[in-house]
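Visitor: Let me begin by handing over the structure; questions about it come next.
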Amino acid sequence: MSLAHPLEKYIRKGTLPHTFCAGCGDGMIAQSFLRAVDELGLDFKKMVFLSGIGCSGWIPSPLFDADTLHAPHGRAIAYATGIKLFKPELKVVVFVGDGDALGIGGNHLIHAARRNIGMLVVCVNNMTYGMTGGQAGPTTPRGMATITTPYGNLERGFDSCELVKAAGADYVARWTAFHMRQLTNSFKKALGKKGFAFIEVVSQCPTHLMRPMGFKRPSEMLLWLRDNSIPIEKASKLPKEGLEGKIIIGEYADLDRPELSEAYAELIRRAGAR
Ligand SMILES: Cc1ncc(C[n+]2csc(CCOP(=O)(O)OP(=O)(O)O)c2C)c(N)n1
Ligand code: SF4
C-alpha cells in the first residue's frame, strides 16, 4: 500500500518542506485547489500558473509541478492576459495576495474582469502585506492594528468581490480558509468557466496578525473566520449596519458572457491572418 499523499503527484520534487509559516492558510488553500484539479481530472500540462510576489505567490511557484511564471509584484494578471491571448487553449490560473491584486495591481484586476478574459484569479486575502512584515493594505479592516497602524486602521478596506463583479467578471466568489469544502467546489466551478473567474479566500496570517488580533493559536484565527462569516443569501436579508466587519461568503456572480480570447481569435480569422 502506498503511503504517498494523493495530491503529492502535483508537487514539484525537492520543494518540501514548504516556506509557509506554521498555521498559515496558504498551504490549506494550495491543498483545496489541488483537490479541485484532481477531482476534475485536469491535465496539469494544459495549465499555466502565475504567481504574484508575496507569501501567496509561493502556492504555485515553486510548489506546483507545472509551468509557472513568478511575475513582478502587481503584474501577474497582465502576464496572464498575454499568455491567454497567445495560447487560449491553456487554463490560466493566477495566485495573488490582496496587496498584489488590489493595491499595486488593482488596475490590472479590474480591466481583466471588464474584458472577461478566460482566467481564474485566486486572491488570498490575509488582510495584510504578509511577506513584507504585516503592514496595513487595501483589505485591512477598519480599526485593525498592524505594524503601520498601531492605533487601528483608519481606512475602509476594498470589497474585492463587489469590485470585480461590477467590473464584469463571469464568476466571483468569496470563502475563507475555514470553508475548505465550499472552496474546493468553488474552484471546480471556476475552473470550468470560460470567462474571468475570481475567488477571494480570506485567510489567516498567524505570524503578523495573531497577536494584534488577540489570539494565541492559529486555530483561534480559523474560528474567528468561521464566526465572522455570513452566507451571501442571509446577508442580503439583513440591514447594512449589521454587516459591518462581517465576511460575506458565497457566490457573487455566475454568468456566461462572451470571453475575450475567443473573440480575439475570431477577429484574427476575420482579418485573414490565420
Ligand atoms: C514593485 C514592487 N513593490 C514592492 C515590493 C515589495 N513587496 C514584496 S511582497 C509585497 C506585498 C505582499 O503582500 P500581498 O500581495 O498581500 O501578499 P502576501 O504576502 O500577504 O501573501 C510587497 C509590497 C516588490 N516586490 N515590488
Ligand atoms: S507571513 Fe503570514 S501569510 Fe506569510 S507565510 Fe507567514 S503566516 Fe503565511
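Visitor: I want to verify a result. In a Gaussian network model of the chain, Cα cutoff 10 Å, which of these has the top mean-square fluctuation: 223, 90, 183?
Guide: Most flexible of the set in this elastic network: 223.
Visitor: Let me ask another. Would you check the accessible area of residue 257, probe 1.4 Å, heavy atoms only, in square angstrom rounded to 10?
Guide: 100
Visitor: Go ahead and set up a Gaussian network model of the chain, Cα springs under 10 Å, then flag whichever of 78, 263, 167 fluctuates most.
Guide: Its mean-square fluctuation being the largest, the pick is 263.
Visitor: Can you flag which of 193/234; 45/91; 46/194; 87/193; 84/193; 45/87 are past 20 Å Cα-Cα?
Guide: On the way: 193/234 26 Å; 45/91 10 Å; 46/194 15 Å; 87/193 16 Å; 84/193 14 Å; 45/87 13 Å.
193/234, as the Cα separations exceed 20 Å there.
Visitor: Next up: I'd like to check one number: the per residue accessible area of the stretch 33-156, probe 1.4 Å, reported in Å² as a whole number.
Guide: On the way: 5030 Å² over 124 residues.
Ligands and nucleic acids excluded, the result is 41 Å² per residue.
Visitor: Take the alpha carbon atoms of the stretch 232-251, find their center, do the same for the stretch 123-177, and report the distance between the two centers in whole angstrom.
Guide: Cα centroid to Cα centroid, the span is 17 Å.
Visitor: Give me the accessible area of residue 174, 1.4 Å probe, in Å² rounded to the nearest 10.
Guide: Here the residue's solvent-accessible area equals roughly 10 Å².
Visitor: Over the stretch 175-272, give the accessible area per residue in Å² for a 1.4 Å probe, as an integer.
Guide: With all protein chains present, the stretch 175-272 gives 55 Å² per residue.
Visitor: While we're looking at this one, here's another question. Of the residues 193, 216, 165, which exhibits the maximal mean-square fluctuation in a Gaussian network model of the chain defined by a 10 Å Cα contact cut-off?
Guide: 216
Visitor: Over the Cα atoms of the stretch 25-94, how large are the radius of gyration and the largest Cα-Cα distance (Dmax), in Å?
Guide: 11.8, 33
Visitor: I would also like to ask the following. Can you give the Kirkwood hydrodynamic radius for the chain, in Å, rounded to one decimal and based on Cα pairs? Mind showing how you got there, number by number?
Guide: Details: mean 1/r = 0.0527 Å⁻¹.
The answer is 19.0 Å.
Visitor: In degrees from 0 to 90, rounded to the nearest 10, what is the angle of the helix 76-86 Cα long axis to the longest principal axis of the chain?
Guide: Helix 76-86 and the main axis of the chain meet at about 20 degrees.
Visitor: Sticking with this structure for a sec: On average, how much area does the Cα convex hull of the stretch 1-141 cover when viewed from any direction, in nm²?
Guide: Values: hull surface 37.0 nm².
Projected over every direction and averaged, the Cα hull of the stretch 1-141 covers 9.2 nm².
Visitor: Step through the residues of the stretch 99-105 one at a time and calculate ³J(HN,Hα) from phi using the Karplus curve (6.51 cos²θ - 1.76 cosθ + 1.60, θ = phi - 60°), rounding each to whole Hz and writing x for Gly and Pro.
Guide: Computed from phi, the couplings for the stretch 99-105 are x, 5, 6, 10, x, 4, x Hz.
Visitor: Now a separate question. Going by alpha carbons, how many degrees (0 to 90, nearest 10) lie between the helix axis of 106-115 and the longest principal axis of the chain?
Guide: Relative to the chain, helix 106-115 is tipped by roughly 40 degrees.
Visitor: Each residue of the stretch 153-163 in order: what ³J(HN,Hα) in whole Hz does its phi give by Karplus 6.51 cos²θ - 1.76 cosθ + 1.60, θ = phi - 60°, with x for Gly and Pro?
Guide: Karplus-based 3J(HN,Hα) across the stretch 153-163 equals 5, 8, 8, 8, x, 5, 9, 4, 5, 5, 4 Hz.
Visitor: Hey, another quick one. For 175, 224, give me the order by solvent-accessible area with a 1.4 Å probe, most accessible first, ignoring ligands, DNA and RNA.
Guide: 224, 175
Visitor: Given H placed on each backbone N at 1.01 Å, which residues far from residue 121 in sequence or on other chains put an amide H within less than 5 Å of it?
Guide: 94, 197, 198, 199
Visitor: Under the rule of -39500 (n - 2.57) per DSSP H run of 4 or more residues, summed and divided by the residues of the chain, what mean residue ellipticity at 222 nm is obtained, to the nearest 500 deg cm²/dmol? Please report the intermediate quantities before stating the final value.
Guide: Details: 9 runs with 85 residues, N = 274.
After summing the helix terms and dividing by residue count, I get -9000 deg cm²/dmol.
Visitor: Between helix 26-40 and the chain, what is the angle of the helix's C-alpha long axis to the longest principal axis, kept within 0 to 90° and rounded to the nearest 10?
Guide: Taking Cα atoms only, the helix is inclined about 40 degrees.
Visitor: Measure off, as a whole percent, the carbon and sulfur share of the 1.4 Å-probe accessible area of the chain, all protein chains present.
Guide: Working: 7630 of 13470 Å².
The value for the chain is 57 percent carbon and sulfur by accessible area.
Visitor: Let me know the shape class of the stretch 97-250, please: from the alpha-carbon gyration tensor, a ≥ b ≥ c as square roots of the eigenvalues, rounded when a/c is under 1.5, otherwise prolate if a/b is greater than b/c, or oblate. Please report the intermediate quantities before stating the final value.
Guide: Numbers: a/c = 1.64, a/b = 1.39, b/c = 1.18.
Prolate shape, in that a/c is at least 1.5 and a/b is the bigger ratio.
The values are calculated or read from the model by the stated rules, or taken from the named source; none is laboratory data. Please read these numbers as outputs of a predicted model, since none were measured by experiment. Ligands, DNA and RNA are stripped out before the accessible areas are found, and what is left, the full protein with its side chains, is counted by its heavy atoms. Shrake-Rupley method; radii C 1.70, N 1.55, O 1.52, S 1.80 Å.
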